[in-house]
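For reference, the structure discussed in these notes is given below.
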Amino acid sequence: MDRKSLTTMKRKLLEHTFSVVLVAAAMLALIVQFGSNRPSLHADEASPLADYLSWRFLDFGDPLDRALFNEVYDATHPGSSVSGDSLLQAIDAYRREQFTNELYKTGGEERGITEQKLWKLGGMYVQFIIMYVVVMMLSYYGAQTLGVVRFIRLKQHRSSHIAELVDQFSASSSSHDRSRLSLFGKSIVLVGEAIVKGLFLLILFSPAYVIAYSIRTEFSSGSYAFMIVLGVVSNGLLINYANRFYTLLVAESRKGYVETATVKNLHAAYAWDAADGIRRSAVLRLRKQFFGHVFHHIYINAHIQFQRTLKEHASFLITGLIIIEMALNIQGHLSYEMLKNILYRQYDVVLLIILGIFVLVKLTDIAVDVWTERVARRYENVSL
Amino acid sequence: MTNQSHLPRTLLRARRDLLWLLVWIGGLIIVGAWDFAFLNQPALARLSRAVLNTLFVGTFVVCVSCLMGWLSGITLHALSEARNTFLYYVLTFLFNLIRSIPQIVGVLIGYVVLTLLIRADVLRSELSQLIWMGSVISVFVFLEISDLVRERIQHFKNLDFVDAMLCCGIKESRIVNVDILFKNSRAHLLHKMISVFGITIFLLCSIDFIVSVGLSTDVSLSNFPMTLGGLLAKLDSKQDILAISSAFTDFGSIGALFFEHLQGVSTAFIIVFTLICIYNISNAFVKRHRL
């Protein structure tokens, strides 16, 4: 690695580390702050009204006991600014709160960051990371495959189905009856293909919750496969990154070396499975290679640039996964836990989860920076 | 053949962005007309309000993030030119920090603050709440425009004409703002603004759906202004879109989707259709302007 790229790499790593340390410090400070200011679940112990409720001989739901309490209180506190009636009202409000306030109802046993909770969150975090990595790999492969297919279609001079349909109708005005009949058949096929493509696009652009709720209404914590599929195909993730790769392929194919390579007898035809064309199996492979074809070089060069977009891909993917877990209300998952804790105003737990997600994004950034730097070193032929 | 008969093909080939814009507007009008005919009045009023609010926030975010992106872009450029390294690194660090927070998490935090503000009676009117929503989303999307502004300035800085203009005594601020950004980067900026609009619709609908589903099941929080995401999260809308899957197994119920389940189906369709159209407008725009 030359000195300049080494310095750039060091600077990037330093910046990532610094931001992780700074954000972690700020968040931990806030976590401690929120933890110490947490409203006590056992508020009755601190409240002066709790003393009255601890009197076992008195039932505040019984009118006789209430009247008795009122009279005794007024008699024993003649100079008090608080009357027996108003004290009874306060006790009623307090008792009502104990039944209605969510602080007393749910999640009470788990309030705050305890060791038990940390283990639980740790498990969810690991689960989230595994899902993130799986969806990342699948969408990375899917985006490249779709991008390549689209590029090859472009090279085959295939336009959109609607454009082809319009062209056919224009041509049919000057053709004779028999060819009109065959054009009609072709048009039906085109319309059919357009409908299938339309449905496919509807799925790819649908937010995850639209697809999910059109299939079922309840989702269990074990729906991993379903969530992974949703993570890949929904929220526009796959289509947007396939489009990005396609754009890179198109830009690369316009460069001068492509024509030079063609002149030097590298294959340049794009017909499927032809001797000098592109093999379908090669497109579907995990490691795509097109030896002897000019597209091999277009693909490699576009792929290097595509790697650099992984940071954005990662951030968008995490957004998608969070949307899926939150919108589907899947219990036992990290994002649902975050939403639940926002609801219960346990902001220290929320901040801890956000910190975890932030660290994951930063780790991805570092990994992408290191990876792209290594690839650049291999191709840019730099030396010390 | 007359010029008029060429129009569809011209639109299809040369101005596909315009075509997709027409498809989007036409699609919304058709859905609106259908809903007007077959959807009950209260649901129609909710849907209209949700569409208008969503489009308002989308437009607001585009305007605000364009302004913020432009300002932050030229500020960073000016700081790097003035060799004010401390301020430059502080700002860059802050922006990178915003970049590292997944957009949905950032927006969710903004919504938590919005809930607190509504509870404290600080934000009362629907308009102010929508503006808050838009402002929060802007914070997490404006960097795309900021990056573009810097990229464009950097690109032109390497060309001779900037030095030539500086030699002619033209102020650098004028060169950057007028000649580079306004005159020579309008198409790029417009393309980015289209993308920002799409991202905003996606984020807004998603966050409203999440908030409506997740934050209101156990507790009656403040009611947010109705948007497409919020409307889709309503129980009757969810039941409507659930009917879509049953239509695949029971073909006879397909018709019911367009008459009995209109609220949910229309809402979901408008969201997805808008995202598809914006994607296509953006792609065709890039192609037409060779960006």
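If you wrap segment B:146-291 in the convex hull of its Cα atoms and look at it from every side, the mean projected area works out to 13.2 nm². Residue-wise HN-Hα couplings along segment B:99-106, as the Karplus relation 6.51 cos²θ - 1.76 cosθ + 1.60 with θ = phi - 60° gives them from phi, are 4, 7, 8, x, 3, 5, 5, x Hz; Gly and Pro carry x. Our helix-only sum for chain A, with -39,500 (n - 2.57) per DSSP H run of n ≥ 4 divided by its residues, gives a mean residue ellipticity at 222 nm of -24500 deg cm²/dmol.
Listed values for segment A:268-278 are Karplus-derived 3J(HN,Hα) couplings in whole Hz (6.51 cos²θ - 1.76 cosθ + 1.60, θ = phi - 60°), namely 9, 8, 10, 6, 5, 6, 7, 4, 9, x, 10, and x replaces Gly and Pro.
Taking 20 °C and 1.002 mPa s as conditions, chain B diffuses translationally at an estimated 99 µm²/s according to Stokes-Einstein applied to its Kirkwood radius (Cα pairs). Coupling constants for segment B:172-180 follow from the phi torsions by the Karplus curve (6.51 cos²θ - 1.76 cosθ + 1.60, θ = phi - 60°), and in residue order they are 5, 4, 5, 4, 5, 6, 8, 6, 7 Hz; glycine and proline get x. All distinct Cα pairs of the protein assembly as shown go into the 1/r average, and the inverse of that average, the Kirkwood radius, is 28.9 Å.
Label sites at B:Ala37 and A:Val82, each approximated as a point 7 angstrom past Cα along Cα to Cβ, lie 6.8 nm apart. In chain B, Cα pairs under 8 Å separated by at least six residues give a relative contact order of 30 percent. For B:Leu52 and B:Leu22, a Förster radius of 30 Å and the Cβ-Cβ distance give a FRET efficiency of 0.90, rounded to the nearest 0.05. For chain A, the mean projected area of the C-alpha convex hull, equal to one quarter of the hull surface, is 32.8 nm².
Working note: 222 nm ellipticity from helices only, DSSP H runs with n ≥ 4, each -39,500 (n - 2.57), summed and divided by the residues of chain B, gives -27000 deg cm²/dmol to the nearest 500. Placing R0 at 60 angstrom, the Cβ-Cβ distance between B:Asp160 and B:Phe251 gives a FRET efficiency of 0.35 after rounding to 0.05. Under the criterion of Cα pairs below 8 Å and six or more residues apart, the relative contact order for chain A equals 26 percent.
A crude spin-label estimate for the pair A:Ile366 and B:Lys287, with each label 7 Å from Cα along the Cβ direction, gives 4.3 nm.
Read-outs: derived from the displayed coordinates by stated rules, not from any lab. All figures in this text were calculated on a predicted structure; none of them were measured in a lab. When we count neighbours, we look across all protein chains shown, and the Cβ atoms used for this are built from the backbone with ideal geometry, even at glycine.
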